[in-house]
Amino acid sequence: MCSSLLLMFCVAFSALSSARGAPTRSAEVNFSKCRALSIKLNEMARDLYNTVESPNISSIIDDPPVSIRPIDTCDPLSLQSNKETCQSRIVLALKNYTRIFHKNGVFKNSACSKWRERANEIADVTGDLLRMLKEPVVDHPLTAVNWYDNALCRDSVERLYSFSIISARVFSFLASTEAPKVEMKQC
């Protein structure tokens, strides 16, 4: 008797939930605003890229960067069928850059301090992009050992600039009102 009551409850609940349709996110992502912010990020990254000097010493930065890889499926054909993989990688990179360019991050130290204000503006834009993507904004900075800062400034700016180009392309594609048909040709 108890199991049949439970079964009826489950059937009634599933009927009620299917009548309302599949579960959806509370709010959809506005890719047009993401496109505008990512283009702004790209312009800011380009300006900083042209400003931040290369260090006098060379160093090898061996930490693997958070970047967009081919397996992240950020190409137009993959974005048409599944944007979540690419979007999750972009979110991960945005969180990383928000930490690096944070007001107390790498650019607060003496080697990078002359670009601190612009770095903070970049952190604001990456934070805005995270909010547009319905993601929490990282509020703790990435810090580095002082001798490492000078090389890390330039390296971070170079990587951000490359990332900003790809993210602007992805959001421009996702913001297009009608996704263009992509034809793959054999080479």
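The values are calculated or read from the model by the stated rules, or taken from the named source; none is laboratory data. On a predicted model such as this, the values are computed, not experimentally measured, just so you know. Cβ coordinates were reconstructed from backbone atoms using ideal geometry, including for glycine residues, and neighbour counts include every protein chain displayed. SASA here: full protein model, heavy atoms, side chains in, ligands and nucleic acids out. Shrake-Rupley method; radii C 1.70, N 1.55, O 1.52, S 1.80 Å.
Brief remarks follow.
- Answer residue from segment 90-124, given it is among the acidic types (Asp, Glu) and closer than 23 Å to residue 54 by Cβ and is farthest from the chain's Cα centre (by Cα) among those: 117
- Residue pairs whose Cβ atoms lie under 9 Å apart, sitting 6 or more positions apart in sequence or on different chains, and linking a residue in segment 121-132 that is under 15 Å from residue 34 (Cβ atoms) and open to solvent by 10 Å² or more (accessible area, probe 1.4 Å) to a partner that is in a helix (DSSP H, G or I) and among the aromatic types (Phe, Trp, Tyr), are 132/31.
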